[in-house]
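Down below is the structure, laid out as structure tokens.
The values are calculated or read from the model by the stated rules, or taken from the named source; none is laboratory data. A quick note: this is a predicted structure, and the numbers were derived from the prediction, not measured. Cβ placement follows ideal geometry from the backbone for every residue including glycine, while neighbour counts extend to all protein chains displayed. Ligands, DNA and RNA are stripped out before the accessible areas are found, and what is left, the full protein with its side chains, is counted by its heavy atoms. Shrake-Rupley method; radii C 1.70, N 1.55, O 1.52, S 1.80 Å.
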Amino acid sequence: MADHGTPRERPMPGAARATVILAGVKTEDAQAEDPRAEAPQPDDADTVLLHIEGRTGVVTLNRPKALNALTRPMVIRIDEALAAWAADPAVHQVLMRGAGERGLCAGGDIRAIHDDAKAGNTASAGFWRDEYRLNARIARYPKPYVALMDGITMGGGVGVSAHGSVRIVTERSRVAMPETGIGFVPDVGGTYLLGRAPGELGTHLALTGTAVGAADALLCGLADHFVPADRLPELTAALAGAPAREVLPRYAATPGPGELADRRGWIDHCYAAATVEEIVERLLGQGEPAAEEAAETILAKSPTALKVTLAALRRAAELGPLERVLAQEFRVSCNGLTAPDLVEGIRAQVVDKDRDPHWSPATLAEVTDADVERFFAPLGGDRELRLPPPQDLGRG
């Protein structure tokens with residue numbers, strides 16, 4: 001199972017460099033590989049490198065040219081490794097990291113989801129089922145799970161890090177759940193995490209898709225420790241011989257100032273409103289430039305995704321354990337495959353890159369309660385996501 005050696009930054013055959021703007025961050029298109037390229041694609045084993053270093057099982061997401069975006073084979077390989085290491089007495093803890101210096105993981109394979117939804121297929125449901133099971137395993141892992149959330153950590157990248165027991169950010173961290181910008185809803189347990197952020201900070205991040213730095217990630221409960229990026233190699237080496245709880249005090253520091261703490265007043269007031277329309281109205285009435293900017297950002301997102309996201313967040317807060325929230329997210333995600341905004345949002349951001357999505361319905365006022373409820377409708381039979389109870393997954 002082990003892949004010995006250090007991560008290698010090999011050119012990805014057929015990879016094209018493109019840019020995507022999500023959550024205010026300019027990133028390389030994580031799914032820009034040309035499927036028609038004649039050169040062979042990397043083996044699945046090459047996209048996730050696994051080895052044991054001293055006492056630590058190390059997982060390295062190894063698609064640096066694609067910002068380590070997750071594919072289904074990667075998810076399965078990680079899940080199998082975690083299951084094996086949980087039962088291995090020689091492995092005392094796990095380290096999750098990304099190859100390259102630009103990010104842990106930019107998310108999932110959204111181009112594949114676009115193609116699947118456009119064709120009316122259901123392959124994406126299989127990917128989400130495996131991915132959400134992995135998220136649940138990480139959250140209940142019986143051994144310390146250390147995640148280096150260095151650089152861009154978005155969407156699926158949050159799913160493989162922010163559910164861990166030891167979450168580390170750096171001055172380069174940009175953490176976000178930017179799904180409303182592609183006509184989707186925060187998933188991978190994102191509504192669970194954001195629904196438990198202080199006050200209404202999570203609602204603000206979910207609706208706007210705003211990417212936050214280290215201090216704000218700590219404030220929102222998405223991370224636990226700040227370590228300067230240039231000290232990560234030393235930290236990683238030290239983890240090979242000692243538990244994270246003993247090592248971290250030597251490397252943890254205080255991050256620079258964030259932005260959200262000083263904005264809690266208007267954020268908590270505005271986002272406590274019952275509807276997205278009222279949230280926007282309150283934001284525009286604050287007389288604060290940052291609040292007005294937030295309103296404008298929200299109004300550029302998918303109206304349907306916004307309303308479903310708000311409903312999902314509010315319901316997640318009442319559901320209890322992560323497993324129940326993931327089951328709800330699975331329903332929302334699968335039902336979203338047949339909605340027009342997911343295909344259109346990915347088209348505008350990733351496929352055609354015109355940054356001009358045509359949402360349907362086009363305005364918040366046109367999105368009915370029935371439109372929202374359709375996303376939460378039961379899938380029926382064996383299509384539902386059924387996760388083992390927390391005690392069967394390890395850490396409670």
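Take the conditions in contact with a Gly (Cβ under 7 Å, 6 or more places away or on another chain) and in contact (Cβ under 8 Å) with a residue 12 or more places away in the chain and apply them to GLU384. Does it pass? When the stated conditions are applied, GLU384 does not pass them.
Every listed requirement among (1) open to solvent by less than 30 Å² (accessible area, probe 1.4 Å); (2) among the aliphatic types (A, V, I, L, M); (3) assigned to a helix (DSSP H, G or I); (4) at pLDDT 95 or above is met by ALA370 save one, (1).
Of the residues making up the range 106-125, those that are open to solvent by less than 10 Å² (accessible area, probe 1.4 Å) and hydroxyl-bearing (Ser, Thr, Tyr) number 1.
Note on the range 283-338: among residues that are at pLDDT 95 or above and hydroxyl-bearing (Ser, Thr, Tyr), the one that is surrounded by the fewest Cβ atoms within 10 Å (Cβ to Cβ) is THR297. Filtering GLU259, GLU278 for residues that are of a type in the set (Asp, Glu), open to solvent by 10 Å² or more (accessible area, probe 1.4 Å) and not in a helix (DSSP H, G or I) leaves a single hit, GLU259.
Among the candidates ALA176, ALA237, ALA206, ALA214, single out the residue that is open to solvent by less than 40 Å² (accessible area, probe 1.4 Å) and more than 28 Å from SER124 (Cβ to Cβ).
After applying the criteria, what remains is ALA214.
Scanning the range 373-389 for residues that are open to solvent by less than 70 Å² (accessible area, probe 1.4 Å) and more than 21 Å from the chain's Cα centre (by Cα) turns up ALA377, LEU379, GLY380, GLY381, GLU384, PRO388, PRO389. Within the range 170-188, the set of residues being part of a loop (DSSP other than H, G, I, E, B) and either touching a residue at least 60 places away in the same chain (Cβ under 8 Å) or not hydroxyl-bearing (Ser, Thr, Tyr) (or both) comprises THR170, GLU171, ARG172, MET177, PRO178, GLY183, PHE184, VAL185, PRO186, ASP187, VAL188. Across the range 77-105, the qualifying residues are those that are within 17 Å of the chain's Cα centre (by Cα) and open to solvent by 30 Å² or more (accessible area, probe 1.4 Å), and the one among them that is nearest to CYS334 (Cα to Cα) is ASP79.
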